[in-house]
Amino acid sequence: MAGAGHPKLEGIDIEGSYILGVIYDDVSLTLEMDFRLKESHPKYAEPAEGEDGCFRQGFIRFADMDDLRLRKAKAEEGKEVDYSDIYSATFDGDYANIASGWGEIELTAQSIQIALD
């Protein structure tokens, strides 16, 4: 479900986006992102020739978390992993599950903030 489960992600192709960084503490988790925008997003701009879509950097911040599970990926010996790739993402109300090259993030949060630069 590429962003369709949460209204704040409308117009964003989460599975076509990239995770640039993961910051977490006892009260919040922030994903620094390179968002891939769909044509329906108000900040969408036609990509330049040769580019693979319209990208804008920003973040997703989850706060007031009730539950957080992080399972960091371990690269197999001799294999390279692109930690920024997102394999799947599910957002349903206050629940989120994101599987990526970085690992799996599963949480419930009362506050989800999305911002684009």
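Overview of values
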{"quantity": "Among residues of the range 42-68, those that are open to solvent by 40 Å² or more (accessible area, probe 1.4 Å), free of Cβ contacts under 8 Å to residues at least 40 places away in the same chain and either closer than 17 Å to Ile86 by Cβ or among the polar types (S, T, N, Q) (or both), counted", "calculated": "2"}
{"quantity": "Residue in the range 105-117 that is farther than 18 Å from Ser17 by Cβ, open to solvent by less than 50 Å² (accessible area, probe 1.4 Å) and touching a Gly at 6+ places or on another chain (Cβ under 9 Å) present", "calculated": "yes"}
{"quantity": "Qualifying strands (runs of 3 or more DSSP E) (wholly inside the range 26-116; at least 1 residues being among the charged types (D, E, K, R), under 21 Å from Asp13 (Cα atoms) and in contact with an Asp or Glu (Cβ under 7 Å, 6 or more places away or on another chain))", "calculated": "28-37, 54-72"}
{"quantity": "Output for the range 10-39, where each listed residue is without any contact (Cβ under 8 Å) to a residue 12 or more places away in the chain and either surrounded by 19 or more Cβ atoms within 10 Å (Cβ to Cβ) or touching a strand residue (DSSP E or B) at 6+ places or on another chain (Cβ under 6 Å) (or both)", "calculated": "Gly21, Ile23"}
{"quantity": "Cross-chain or 6+ apart pairs with Cβ under 9 Å, the range 73-84 first and within 20 Å of Leu20 (Cα to Cα), then charged (D, E, K, R) and open to solvent by less than 80 Å² (accessible area, probe 1.4 Å)", "calculated": "Ala73/Glu104; Ser84/Asp34"}
{"quantity": "Residue in the range 73-80 that is in contact with a strand residue (DSSP E or B) (Cβ under 6 Å, 6 or more places away or on another chain), of a type outside the set (S, T, N, Q) and either open to solvent by less than 80 Å² (accessible area, probe 1.4 Å) or at negative phi (or both) present", "calculated": "yes"}
{"quantity": "Boolean, Tyr95 is open to solvent by 100 Å² or more (accessible area, probe 1.4 Å) and in contact (Cβ under 8 Å) with a residue 12 or more places away in the chain", "calculated": "no"}
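For (1) under 10 Å from the mean Cα position of the chain (by Cα); (2) modelled with pLDDT under 90, each residue gets a yes or a no:
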residue: Gly5; (1), (2): no, yes
residue: Ile19; (1), (2): yes, no
residue: Leu31; (1), (2): yes, no
residue: Cys54; (1), (2): no, no
residue: Val81; (1), (2): no, yes
residue: Ala89; (1), (2): yes, no
residue: Ile98; (1), (2): yes, no
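The values are calculated or read from the model by the stated rules, or taken from the named source; none is laboratory data. All of these numbers come straight from a predicted model, not from anything done at the bench. Glycine also receives a Cβ, built like all others from the backbone with ideal geometry; neighbour counts cover every protein chain displayed. Only protein heavy atoms, including side chains, enter the accessible area calculation; ligands, DNA and RNA are left aside. Shrake-Rupley method; radii C 1.70, N 1.55, O 1.52, S 1.80 Å.
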